[in-house]
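**Q** Take a look at this one; I'll ask things after.
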């Protein structure tokens, strides 16, 4: 009897009782490493707060930062994580509490937008290894980098139809269009939370499609206080005019009770 054709033999790749390993359950969500500078910390919070403000009427997104994104079992077990400074994921449950972004617990969803805040110690990785990871593994649609100490450092890329990053051309103000969020990303001059202690610096901020700055909660509160103060000032002016008119009428002998 001839030997069976080896191509027709079925050889199991794994034992019959083999099951794929469960995802790690002892994930690390805090590496204990602080952000580069106080300005980097504030810059991160400014961007996250801006997204939360711009999308305040929605609950189908998540905006976070300086937290780990776990995207594979091997990467998790090898303690090889990536923690974007700022990232946004759309079309997800925005009401869930999360310590980190675990892709296999999020129906395979990766960040749609990532912003990395550059520094002298991170620029090479942010523009090299991370950029390649976000393009080829995450398939993140919009990726931006900015150094809070260099107002001319803003760069951005959009994932084209070729599934490769294409540079985003700036508008006349030097802003970059974030297609995913339908917002502009550009610099704004001023001081935020006493940083810098003196003078002003260039912060990375979001602008709406019409070019209006997306205000932070504290800026909106200040705007409301100014509006209330102005209303009170106008009311006080009206009362003073009424008092002057009443005084004049009394000087003319008019009985104000009869008017």
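The values are calculated or read from the model by the stated rules, or taken from the named source; none is laboratory data. Everything numeric here is computed off the predicted structure, so don't read it as measured data. Using ideal geometry, Cβ is built from the backbone for each residue, glycine included, and neighbour counts are taken over all protein chains shown.
**Q** Return the only residue of 193, 164 being modelled with pLDDT of 95 or more, touching a helix residue (DSSP H, G or I) at 6+ places or on another chain (Cβ under 7 Å) and exposed (fewer than 13 other Cβ atoms within 10 Å of the Cβ). Steps first, answer last, please.
**A** Values: 193 fails: modelled with pLDDT of 95 or more.
Result of the check over 193, 164: 164.
**Q** Right, next: Evaluate the following for residue 175: is it under 16 Å from the mean Cα position of the chain (by Cα), surrounded by 11 or more Cβ atoms within 10 Å (Cβ to Cβ) and under 22 Å from residue 134 (Cβ atoms)? Give the derivation first.
**A** Details: under 16 Å from the mean Cα position of the chain (by Cα): yes; surrounded by 11 or more Cβ atoms within 10 Å (Cβ to Cβ): yes; under 22 Å from residue 134 (Cβ atoms): yes.
Spelling it out, residue 175 is indeed under 16 Å from the mean Cα position of the chain (by Cα), surrounded by 11 or more Cβ atoms within 10 Å (Cβ to Cβ) and under 22 Å from residue 134 (Cβ atoms).
**Q** Considering only residues that are outside any loop (DSSP other than H, G, I, E, B) and buried (at least 17 other Cβ atoms within 10 Å of the Cβ), which ones fall in the range 53-64?
**A** Narrowing the range 53-64 to residues outside any loop (DSSP other than H, G, I, E, B): 53-54, 61-64.
Hits for the range 53-64 are 54, 61, 62, 63, 64.
**Q** Hey, can you tell me all the residues within the range 155-207 that are closer than 23 Å to residue 49 by Cβ and free of Cβ contacts under 8 Å to residues at least 12 places away in the same chain?
**A** Across the range 155-207, the qualifying residues are 177, 191, 194, 197, 199, 200.
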